[in-house]
1. With the requirement that a residue be assigned to a helix (DSSP H, G or I), open to solvent by 10 Å² or more (accessible area, probe 1.4 Å) and under 16 Å from Leu339 (Cα atoms), what does segment 354-376 give you?
2. For segment 50-70: of the residues being open to solvent by 40 Å² or more (accessible area, probe 1.4 Å), part of a loop (DSSP other than H, G, I, E, B) and not aliphatic (A, V, I, L, M), which is farthest from Ser125 (Cα to Cα)?
3. Which residue pairs have Cβ atoms closer than 8 Å, lie 6 or more positions apart in sequence or on different chains, and pair a first residue in segment 271-292 that is crowded, with 22+ Cβ neighbours inside 10 Å with a second residue that is among the aromatic types (Phe, Trp, Tyr) and part of a helix (DSSP H, G or I)?
4. On the given criteria, is Glu141 crowded, with 16+ Cβ neighbours inside 10 Å and among the charged types (D, E, K, R)?
5. Count, please, the residues in segment 155-174 that happen to be farther than 19 Å from Ile223 by Cα and either of a type in the set (Gly, Ala, Ser) or at pLDDT below 95 (or both).
6. Among the residues of segment 152-193, what is the count of those that are farther than 19 Å from Arg440 by Cβ, among the hydrophobic types (A, V, I, L, M, F, W, C) and surrounded by 17 or more Cβ atoms within 10 Å (Cβ to Cβ)?
7. Could you figure out which of (1) modelled with pLDDT of 95 or more; (2) farther than 30 Å from Asn315 by Cβ; (3) in contact with a helix residue (DSSP H, G or I) (Cβ under 9 Å, 6 or more places away or on another chain); (4) open to solvent by 10 Å² or more (accessible area, probe 1.4 Å) isn't true of Ser34?
8. Name the residues in segment 332-345 that are of a type outside the set (Lys, Arg) and open to solvent by 50 Å² or more (accessible area, probe 1.4 Å), would you?
Amino acid sequence: MTRQMALVGFLQAQNCTNLPSSWRHPESRDDSMSADYYQEIARILEAGKFHMAFFDDRLAMPDRYGNDHAHTVEYGIRCVKMDPLIVLTTMGMVTEKLGLGSTCSTTYYEPFDVARRFATLDLMSGGRAGWNVVTSLNDGEAQNMGKDAHLEHDFRYDRADEFMEVVLGHWDSWEDGSLIMDKTSGRFADPTKVKRLDHHGQFFKSRGPFTVPRSPQGHPVIIQAGASGRGQRFAGRWGEMIFTAARNVASAKEGYAAVRNEAAKAGRDPDQMFLCNLTTPVCGATKTEAEDKMAVINKLPLQIDALSLLAEALNYDFASKPLDEPLTTEELRSMQGILGIRDGVLKNSGKSNPSALDFVHFSGRGQVQDAIVGGPKEIADRLEEMFVERGCDGFVVAATIVPGSYADFVKHVVPELQRRGLFHKDYAGKTLRENLGLKRPAAGAWKTQPQAAAE
């Protein structure tokens, strides 16, 4: 079968999209705390045959800049953070085949709890759930969850590896065919096919037996977005859908090859994973119409948006010194969170000690400088280039207007991608795995053996 791209709608259960200024757009809905808001998005995405609606999440509002939340609340910089799993259930109620993906932290939840939540969503949605595995970012999240400070970057990933073993171990504990459901004999399930995990590891203990049987797709799809070297190793070992944020084809190809190489090293089949690159399309029936839309969008961001999100993502207070003063090497090394942002700024700026303003300019946080602006042909051309050049296997589509950005993409771009044979015209099945073309995992299939360095 001809290779076709995967499409994911990028969402937040909050007052704005990943673009913090999106709520300021005159055409954005202002009822983002209502079920109907998300259900409209769900219907649009399913009409466009998107594989998944995906929610990013944090466990704190951005408050690292100046160590205060006042600016976040005043300017609406992602200050609302609802539970995305609950929001997803409302979206699942009005859709039948759209995948339902959500972030949940390995640093601040227990493995059994996460396993049960996502296994339940998987059953309730008929096998459409996906879990985005994150290790969280900053001290604000730590303090909300009863800790004094956030754990060190690589240590979080070491701990997350064991977290994954516990979650997957629980998901495997009900064998296929466990349920009997015989009212005459009174037998509900076969106890020989339901095992206790009895995990005793370095970081976690969890007994079992697990309380949720396997779903039609086996278990939820594992999503990951590690950008650092340690994050890429984690993604290569566990991820089935990997989210990336390359800003051009060359860097996309480099990251694509790196993650697939990590998967091969971990003993996995790199073809059983999808790398989807973040894209922000501004679509219109014509390029001129799209450019007019972009002119309005460009007026929305404020400098405080970028500074706030940078401080949040890197767990570093950019208000601690003048914005145009170079950061010291020690200050750069002290950053945690999404280290791919820091490393990208160092690379793209060409400076070994960039300033806070350099971070604003070269990171793209809180801005729309990487938006693809155009009619169906212009946007499809850009997506096709990165896809065909093996920079990615699909795209995470971010919105600047809600729900207008999703509706414009479905109306203008999806038909052009379908016409070119780059995107499916209908869902292949009912489960997320069927629609992605991922194999239904057998129990224990994740226990791969590391290989020698892959070519």
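The values are calculated or read from the model by the stated rules, or taken from the named source; none is laboratory data. For clarity, every value in this text was computed on a predicted model and none was experimentally measured. Because the Cβ atoms are built from the backbone with ideal geometry, glycine has one as well, and the counts that use them run over all protein chains shown. These area figures cover heavy atoms from the full protein model, side chains too; ligands, DNA and RNA do not enter into them. Shrake-Rupley method; radii C 1.70, N 1.55, O 1.52, S 1.80 Å.
1. Asp358, Val360, Phe362, Ser363
2. The extreme case among them is Asp68.
3. Partner pairs satisfying both residue conditions: Leu275/Tyr256; Pro281/Phe409; Cys283/Phe409.
4. yes
5. Let us first name the residues in segment 155-174 that are farther than 19 Å from Ile223 by Cα, namely 155, 173-174.
If we keep only those that are either of a type in the set (Gly, Ala, Ser) or at pLDDT below 95 (or both) too, we end up with 155, 173.
Residues that pass the stated criteria total 2.
6. Of the residues in that region, 3 qualify.
7. Just one mismatch for Ser34, condition (3).
8. Ser334, Ile338, Asp343 - these are the residues of segment 332-345 that are of a type outside the set (Lys, Arg) and open to solvent by 50 Å² or more (accessible area, probe 1.4 Å).
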